[in-house]
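The values are calculated or read from the model by the stated rules, or taken from the named source; none is laboratory data. Worth saying up front: this structure is predicted, and the values here are computed from it rather than measured. In this analysis, Cβ positions are derived from the backbone assuming ideal geometry, glycine residues included, and neighbour counts consider all displayed protein chains. Areas reflect the complete protein model, heavy atoms only, side chains present, ligands, DNA and RNA absent. Shrake-Rupley method; radii C 1.70, N 1.55, O 1.52, S 1.80 Å.
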Amino acid sequence: MSIKVDVWDYRHMSDAEAAVFNRCANRMRAERLPDDPPVPVEETIQGRDSFPDYVTMAPWAAWNAERTEMVAYAFAQYTMEDNLHLAQFAINVLPEFRRRGLGREFLSRIVQVARENNRRLLITNTTDRIPAGEAFMRRIGAEKGLESHTNQLVIADVDADLLRQWRARAAERAAGFELGMWDGAYPEEDIEAIVDLHQLLNQQPLGDLEVEDFHFSADTVRQDEKSTFARGYERWTIYVREKETGDFAGYTEVIWNPNRPEIISQGITGVFTKYRNRGLGRWLKAEMLERILRERPQAKFVRTGNADMNAPMLKINNELGFKPYIAESVWQVETEKVAEYLSQ
């Protein structure tokens, strides 16, 4: 098969190109998540149409001569809001086309984009399900900046008595707080406070990664929300606030897609520092799981991502019964180091 690598206009690809990409992406997905169903092409098209404007993405693809099959794709992306020194990238190559130089060709284009935009650092992720990814990163001289896992909870194994204990304990230790829920879009009247809640993402440990805090705005939060809902996801948010002041103390979120009804994705659970050690995190987790048990009978698993060094959250998740599902690593490498590798 004759293969050609060229620029791929992800944001404006035709529906036919989206179907070709969908086939390739689903093959890659099956290697990483063999137990999960494929993503429908309609969801891929919805993702194309709702990609956030605040993210700049340079994508490429490797096609056959007729552009009817895609065998690899890659991208570099960055924002102009923060972390102006770095670009994230990904390279995905179907197994039978690896070790043919496609990764190297993609990498040369990624370096060019990074240089043009003064991004001295490149960051990417690999998983233990695809060992070729780690081998490639070691060859180019990258270093692991953070090790993490996707952890999975079997919902049928949830200890209902433990959830009741956590809720009862919260009634004693957190009597000055109350819970509330948002289904779907965030209420406009609280959007600035919700932006502040999103800053809790910056409290997650980042290991040795040279990453600065991310800054959110009402616009970026709404753009992310639009993309999530456009792809068919439903989101539940449970928040906790101080009764006396009305100030938000923390929140937890899950998303669920009817295209994958057995799987619930747990997003952030975070509590502001000054409100910790009152059992609020466990209270939020318990309330969310209680609702999942009541209202998502088709769901079998909850998955969440945790840094291996995030001891407080791992303690809560381990008590709930989460088990390691996928091991993941975040790698970083200086752009010029990659350029030196490519010159050899």
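Details
- Between Arg29 and Asp159, the FRET efficiency from the beta-carbon distance, with R0 = 35 Å, is close to 0.65.
- Computed E for Ser2/Glu192 - FRET, C-beta separation, R0 56 angstrom, nearest 0.05: 0.55
- Euclidean distance of C-alpha centroids, the range 174-221 and the range 264-315, integer Å: 15 Å
- A simple charge model with +1 on the Cβ of Lys and Arg, -1 on the Cβ of Asp and Glu and nothing else charged puts the dipole of the chain at about 1040 debye relative to its Cα centre.
- Choice from Arg139, Arg278, Arg241 showing the highest fluctuation, given a GNM over the chain with Cα pairs closer than 10 Å: Arg139
- Extent along the principal axes, Cα only, for the range 53-134: 38, 32, 21 Å, with the longest axis given first.
- Each of Tyr325, Pro59, Val211 was placed along the dipole of the chain (beta-carbon charges, centred on the mean Cα), and the one lying farthest toward the positive end is Tyr325.
- Residue-normalised accessible area of the range 28-72, expressed per residue, 1.4 Å probe, Å²: 44 Å²
- Working note: 222 nm ellipticity from helices only, DSSP H runs with n ≥ 4, each -39,500 (n - 2.57), summed and divided by the residues of the chain, gives -11000 deg cm²/dmol to the nearest 500.
- Size of charge dipole - the range 12-153 - debye, nearest 20, with Cβ of Lys, Arg +1 and Asp, Glu -1, no other charges: 780 debye
- Our coupling estimate for the range 49-58, obtained by passing each phi through the Karplus curve with A = 6.51, B = -1.76, C = 1.60 and θ = phi - 60°, is 6, 10, 4, x, 6, 6, 9, 9, 10, 10 Hz, Gly and Pro reported as x.
- Estimated dipole of the range 178-274 in Debye, rounded to 20 [Cβ of Lys and Arg +1, of Asp and Glu -1, Cα centre]: 400 debye
- Counting only protein heavy atoms and a probe of 1.4 Å, the accessible surface of the range 34-73 is 51% carbon and sulfur.
- For the range 84-114 and the range 54-75, distance of Cα centres in Å: 11 Å
- Summary of the geometry: the range 2-25 and the range 320-344, compared by the centres of their Cα atoms, lie 25 Å apart.
- Rounded to whole Hz, the Karplus (6.51, -1.76, 1.60) HN-Hα couplings of the range 107-118, x for glycine and proline: 4, 5, 6, 5, 4, 4, 5, 4, 5, 4, 10, 6
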